[in-house]
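Engineer: One structure follows; several queries about it will come next.
The values are calculated or read from the model by the stated rules, or taken from the named source; none is laboratory data. Computed from a predicted model, the values in this text were never measured in an experiment. We place every Cβ from the backbone using ideal geometry, glycine too, and count neighbours over all the protein chains shown.
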Amino acid sequence: MSNLKNILLKKRICKSVWFMRQAGRYLPEFRDIRSKNEDFINLCLNSKLSSDITLQPVKRFNLDSAIIFSDILLVPFALGQKISFIKDQGPKLSNFNLETFLDVNEDQFIKTLTPVYKAIELTRKNLNKDKSLICFIGAPWTLLVYMLNLKDFEGNLSLDKFRKVNSNIKIILKKLNKFLCIHIQSQVEAGADVVQVFDSWAGIIPKTYLKDLCFNTNSEIIKFCKSKNIPNICFPKGIKDKYKDFNKFVKPDGINIDYHVDPDWAKKNLKDVVIQGGANPRILLEKEEKMLEVATKYIQTFKDIPYVFNLGHGLLPETDPDKVDKLVKFYRDFNE
């Protein structure tokens, strides 16, 4: 096992495994807690339960890293928007009010999110010292998509809505960047030692805006992290061959590839960075033979460069925990 922080900072060839959404709906121990806590935001802001949930997959699978149980939408929540989670539809945010958004100050923001920082403190106390504790944020563009309701039900960008709000985007991004950096700093001070930046909707940005809304915004976050010596991982999901340009421009310590990125292409084109993930989470819904075949492809492709075994997106709710256990053990055995 290897500490993720050291891998990212030193770019060593080491063995490390964790999964996005490893603490969540596929685990019966999580479902038990969730059934007693209907309000998802309140659950995320329950420091004790959040910490307990964070540690569940680490205890079950002996993963190398824990990622704090939280949500990227806690930032817009702390900036004045109400959030509800609708079954089979996902999150729904109240109408965005620019005046309310701009009126929130740093003290208010930190006070709202203090339970998250306390959860990190609790988790760090109960997590083995050799394991990393990952915190995360949503990238500015991805948060904008939710805050301004810029995508349709099928996950496509609504160009009409985008054009209507375009004049305010720079103002919103400036404040978002400031408060995202505050959130990162507060999480690290609480005990997290790595941050992952999720740009989950980068793939729907129009090409002419990709640099402004993805490259530049992620770059500002990563510059802040590097100024504070905070190891970082970017996940600009869906940008395809633009991963190469993104990596050169943003220069993150680590980059998570999604399952549309060919691993051979990634190895050839993504330089001076720790590559993470790649495999489609649906491989865990396949027969064991197929799952291990795909895993072998990624392990062998990246065996001689710094690589963290993960997926190209988060674990799916219908995933069998026994499959996760088998995959982790296979990875361990493969690298002995």
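Engineer: Only one residue in Val274, Val250 is over 26 Å from Leu27 (Cα atoms), in contact (Cβ under 8 Å) with a residue 60 or more places away in the chain and in contact with a helix residue (DSSP H, G or I) (Cβ under 7 Å, 6 or more places away or on another chain), so which one is that? Break it down into steps so the answer makes sense when it comes.
Structural biologist: On the way: Val250 fails: in contact (Cβ under 8 Å) with a residue 60 or more places away in the chain.
On inspection, the qualifying residue turns out to be Val274.
Engineer: Could you check the range 126-179 and list, in sequence order, the residues that are under 30 Å from Gly191 (Cβ atoms) and of a type in the set (Lys, Arg)?
Structural biologist: Within the range 126-179, Lys129, Lys131, Lys174, Lys175, Lys178 meet the criteria.
Engineer: Output the number of residues of the range 125-173 satisfying the condition of being touching a residue at least 60 places away in the same chain (Cβ under 8 Å), out of contact with any Lys or Arg (no Cβ under 6 Å at 6 or more places or on another chain) and hydroxyl-bearing (Ser, Thr, Tyr).
Structural biologist: Result for the range 125-173: 2.
Engineer: For residues that are buried (at least 18 other Cβ atoms within 10 Å of the Cβ) and part of a loop (DSSP other than H, G, I, E, B), tally how many sit in the range 315-336.
Structural biologist: So the count comes out to 2.
Engineer: Just to be sure I understand the filter: pairs with C-beta atoms under 6 Å, separated by 6 or more residues or on different chains, first member in the range 209-237 and without any contact (Cβ under 8 Å) to a residue 40 or more places away in the chain and surrounded by fewer than 24 Cβ atoms within 10 Å (Cβ to Cβ), second member assigned to a loop (DSSP other than H, G, I, E, B) and not β-branched (Val, Ile, Thr). Which pairs pass?
Structural biologist: Short answer, once both residue conditions are applied: Ile222/Pro252.
Engineer: From the list Lys129, Lys170, Lys164, pick out the single residue that is at pLDDT 90 or above, surrounded by fewer than 19 Cβ atoms within 10 Å (Cβ to Cβ) and more than 23 Å from Phe215 (Cβ to Cβ). Quick ask: steps written out before the conclusion?
Structural biologist: Numbers: Lys170 fails: more than 23 Å from Phe215 (Cβ to Cβ); Lys164 fails: at pLDDT 90 or above.
Answer to the selection: Lys129.
Engineer: Go through the range 107-124 residue by residue and tally those that are within 13 Å of Ser47 (Cα to Cα) and either small (Gly, Ala, Ser) or out of contact with any Lys or Arg (no Cβ under 9 Å at 6 or more places or on another chain) (or both). Let's see the steps before the verdict.
Structural biologist: Step one: of the range 107-124, the residues within 13 Å of Ser47 (Cα to Cα) are 112-124.
Okay, now just the ones that are also either small (Gly, Ala, Ser) or out of contact with any Lys or Arg (no Cβ under 9 Å at 6 or more places or on another chain) (or both), so 112-117, 119-121, 123-124.
Residues flagged as within 13 Å of Ser47 (Cα to Cα) and either small (Gly, Ala, Ser) or out of contact with any Lys or Arg (no Cβ under 9 Å at 6 or more places or on another chain) (or both) within the range 107-124 amount to 11.
Engineer: Quick check on my filter: what residues within the range 142-172 are under 19 Å from the mean Cα position of the chain (by Cα), farther than 18 Å from Thr112 by Cα and in a helix (DSSP H, G or I)? I'd like the intermediate steps shown before the answer.
Structural biologist: First, pick out the residues of the range 142-172 that are under 19 Å from the mean Cα position of the chain (by Cα): 142-147, 155.
Filter once more, so that each one left must be farther than 18 Å from Thr112 by Cα: 142, 144-146, 155.
Matches in the range 142-172: Thr142, Leu144, Val145, Tyr146.
Engineer: Among (1) of a type in the set (Gly, Ala, Ser); (2) buried (at least 17 other Cβ atoms within 10 Å of the Cβ); (3) without any contact (Cβ under 8 Å) to a residue 24 or more places away in the chain, where does Ser47 come up short?
Structural biologist: That leaves (3) as the condition not met.
Engineer: Could you run through the range 286-322 and say how many residues are more than 22 Å from the chain's Cα centre (by Cα), within 18 Å of Phe61 (Cβ to Cβ) and not hydrophobic (A, V, I, L, M, F, W, C)?
Structural biologist: Within the range 286-322, residues that are more than 22 Å from the chain's Cα centre (by Cα), within 18 Å of Phe61 (Cβ to Cβ) and not hydrophobic (A, V, I, L, M, F, W, C) number 2.
Engineer: Within the bounds of the range 14-23, is there any residue that is surrounded by 18 or more Cβ atoms within 10 Å (Cβ to Cβ), among the hydrophobic types (A, V, I, L, M, F, W, C), part of a loop (DSSP other than H, G, I, E, B) and touching a Gly at 6+ places or on another chain (Cβ under 9 Å)?
Structural biologist: Yes: one or more hits.
Engineer: It is to be established whether one or more residues within the range 4-14 are touching a Pro at 6+ places or on another chain (Cβ under 7 Å) and β-branched (Val, Ile, Thr).
Structural biologist: Within the range 4-14 (the criterion being touching a Pro at 6+ places or on another chain (Cβ under 7 Å) and β-branched (Val, Ile, Thr)), the answer is yes, since at least one residue qualifies.
Engineer: Give me the residue from the range 93-118 that is of a type in the set (Phe, Trp, Tyr) and in a helix (DSSP H, G or I) and, out of that set, surrounded by the most Cβ atoms within 10 Å (Cβ to Cβ). Spell out how you get there, then give the answer.
Structural biologist: Step one: of the range 93-118, the residues of a type in the set (Phe, Trp, Tyr) are 96, 101, 109, 117.
Right, trim to in a helix (DSSP H, G or I) and you get 101, 109, 117.
On the way: Phe101: 19, Phe109: 19, Tyr117: 21.
Here the residue is Tyr117.
Engineer: Here's something else I'd like to know. Being surrounded by 14 or more Cβ atoms within 10 Å (Cβ to Cβ) and free of Cβ contacts under 8 Å to residues at least 24 places away in the same chain, is that true of even one residue in the range 80-92?
Structural biologist: The first filter runs over the range 80-92 and keeps only residues surrounded by 14 or more Cβ atoms within 10 Å (Cβ to Cβ), leaving 80-81, 83, 85, 91.
In the following step, the residues that additionally are free of Cβ contacts under 8 Å to residues at least 24 places away in the same chain were identified as none.
No, the range 80-92 contains no residue that is surrounded by 14 or more Cβ atoms within 10 Å (Cβ to Cβ) and free of Cβ contacts under 8 Å to residues at least 24 places away in the same chain.
Engineer: OK, next. Within the range 26-38, identify whether any single residue is crowded, with 17+ Cβ neighbours inside 10 Å, acidic (Asp, Glu) and either in a helix (DSSP H, G or I) or in contact (Cβ under 8 Å) with a residue 60 or more places away in the chain (or both), and answer yes or no.
Structural biologist: No, the range 26-38 has no match at all.
Engineer: So which residues in the range 174-199 are of a type in the set (Lys, Arg) and touching a residue at least 24 places away in the same chain (Cβ under 8 Å)? Before the answer, list the steps.
Structural biologist: From the range 174-199, those of a type in the set (Lys, Arg) are 174-175, 178; that's our starting set.
Residue satisfying the conditions is Lys175 alone.
Engineer: Further question on the same structure: Taking the condition exposed (fewer than 15 other Cβ atoms within 10 Å of the Cβ), in a helix (DSSP H, G or I) and basic (Lys, Arg), does Lys59 pass?
Structural biologist: On the way: exposed (fewer than 15 other Cβ atoms within 10 Å of the Cβ): yes; in a helix (DSSP H, G or I): yes; basic (Lys, Arg): yes.
It is true that Lys59 is exposed (fewer than 15 other Cβ atoms within 10 Å of the Cβ), in a helix (DSSP H, G or I) and basic (Lys, Arg).
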